[in-house]
Amino acid sequence: QVQLVESGGGLVEPGGSLRLSCVASGSIFGINAMGWYRQAPGKERELVATITSGGSTNYAEFVKGRFSISRDSAKNTVYLQMNSLKPEDTAVFYCNLVKVGVNFWGKGTLVIVSS
């Protein structure tokens with residue numbers, strides 16, 4: 001099994017920054033990719049950014065230029081640096097790990113962007 005634990009969410013003013021972290025543990029051999037998704041109130045979960053085992057990244061259009069995904073393989077950790085946050089970024093952010101075509105999810109961390 002795979003366990004994912006997110007941290008780093010919180011309340012931030014518009015224009016501010018946050019860095020989310022996700023630590024993976026358990027049977028993590030053979031990871032295909034890790035990433036972040038988010039779900040705003042009343043909306044469906046949507047992709048934010050992903051990073052493959054080879055280091056390739058992919059971003060949703062609405063975060064390009066503002067968010068950056070990275071990883072520390074030695075620590076089994078993936079990060080999401082979020083800059084220039086907007087109120088519409090308010091959501092629960094979920095860590096995702098894909099292993100042999102199977103998706104694993106963390107419990108999420110809440111990000112609120114408000115003045």
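The values are calculated or read from the model by the stated rules, or taken from the named source; none is laboratory data. This one's a predicted model, so the numbers in the text were calculated from it and none came from an experiment. No Cβ is skipped: glycine too gets one built from the backbone with ideal geometry, and neighbour counts run over all protein chains shown. These area figures cover heavy atoms from the full protein model, side chains too; ligands, DNA and RNA do not enter into them. Shrake-Rupley method; radii C 1.70, N 1.55, O 1.52, S 1.80 Å.
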Provide a single number: the residues in region 1-17 that are more than 13 Å from Y94 (Cβ to Cβ), open to solvent by 30 Å² or more (accessible area, probe 1.4 Å) and either assigned to a strand (DSSP E or B) or at pLDDT below 95 (or both). 3
Which of the residues belonging to region 59-76 are farther than 23 Å from S114 by Cβ, at pLDDT 95 or above and not charged (D, E, K, R)? Y59, I69, S70
Of the residues that make up region 86-94, is at least one open to solvent by less than 40 Å² (accessible area, probe 1.4 Å), assigned to a loop (DSSP other than H, G, I, E, B) and in contact with a Phe, Trp or Tyr (Cβ under 9 Å, 6 or more places away or on another chain)? no
Which residue, of N58, N96, is free of Cβ contacts under 8 Å to residues at least 24 places away in the same chain and in contact with a strand residue (DSSP E or B) (Cβ under 9 Å, 6 or more places away or on another chain)? N58
For region 19-42, give me each residue that is of a type outside the set (G, A, S), open to solvent by less than 30 Å² (accessible area, probe 1.4 Å) and within 15 Å of P87 (Cα to Cα). R38
